[in-house]
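Take a look at the structure set out below.
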Amino acid sequence: MNRTRMNVRACWPGLLLVIVSLMASLAWGEEMESLRGAKPLDAGDLPPQVHRFEEGERFSRNYVQQPPLVPHEVERYQIDTRANRCLSCHSWANHRRELAPKVSRTHFQDRDGNDQSNISSRYYFCNQCHVPQADAKPLIDNLFQPLQTLRAE
């Protein structure tokens, strides 16, 4: 019994500290302001404006080995280990019917340069290299110039 009383007595300072902290937070809570400002939670905020893609003229490449940019939206395209939506139009079998550029022959080579009948696993996930083109303002200044421009000066 003696130990039980000691344990209860040892808990009182901690319990008292919790109660005082709760009371203090309630008193100060009225002066605090949310990061949202005075807006109520159910006020609908519009999402930030994101550049929406408009199909049209294709952008030229900026350097020699740059992968071509995708001139159409691909946001909902399934590309995973079971399916690759890009290949429904860009495969060697379908590209003429779909009037789409065909997948490069290099995408059918393994890392040793040996030709394969299927797309190499290194190139299967198209969006690793090919991104949708967007006429968006650069986030930072860019002074990049293609090599040909540097030689001409």
Verdict on Arg97 being over 24 Å from Tyr77 (Cα atoms) and free of Cβ contacts under 8 Å to residues at least 24 places away in the same chain: no
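Tell me, please, whether a residue that is modelled with pLDDT under 90, in contact with a strand residue (DSSP E or B) (Cβ under 8 Å, 6 or more places away or on another chain) and under 17 Å from Tyr63 (Cα atoms) can be found in the stretch 133-149.
Filtering the stretch 133-149 for residues modelled with pLDDT under 90 gives 133-149.
When the remaining residues are screened for being in contact with a strand residue (DSSP E or B) (Cβ under 8 Å, 6 or more places away or on another chain), the result is 133.
Those still in the list that are under 17 Å from Tyr63 (Cα atoms) too: 133.
Checking the stretch 133-149: at least one residue is modelled with pLDDT under 90, in contact with a strand residue (DSSP E or B) (Cβ under 8 Å, 6 or more places away or on another chain) and under 17 Å from Tyr63 (Cα atoms).
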Test result for Leu35, farther than 17 Å from Tyr123 by Cα, at pLDDT 70 or above, part of a helix (DSSP H, G or I) and open to solvent by 70 Å² or more (accessible area, probe 1.4 Å): no
Residue count for the stretch 98-142, restricted to those that are open to solvent by 60 Å² or more (accessible area, probe 1.4 Å) and part of a helix (DSSP H, G or I): 5
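Do you know which residues across the stretch 11-32 are open to solvent by 100 Å² or more (accessible area, probe 1.4 Å) and modelled with pLDDT of 80 or more? Outline the logic, then answer.
First, the residues of the stretch 11-32 that are open to solvent by 100 Å² or more (accessible area, probe 1.4 Å): 12, 16-17, 22-23, 26, 28, 30-32.
Matches in the stretch 11-32: Leu16, Leu17.
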Pro68 being in contact (Cβ under 8 Å) with a residue 12 or more places away in the chain, surrounded by 11 or more Cβ atoms within 10 Å (Cβ to Cβ) and touching a strand residue (DSSP E or B) at 6+ places or on another chain (Cβ under 6 Å): no
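The values are calculated or read from the model by the stated rules, or taken from the named source; none is laboratory data. What you see is a predicted model; the values in this text were computed from it and never measured. Cβ atoms come from the backbone with ideal geometry, glycine included; neighbour counts cover every protein chain shown. Remember, those area values only see protein heavy atoms, side chains included, never the ligands or the DNA or RNA. Shrake-Rupley method; radii C 1.70, N 1.55, O 1.52, S 1.80 Å.
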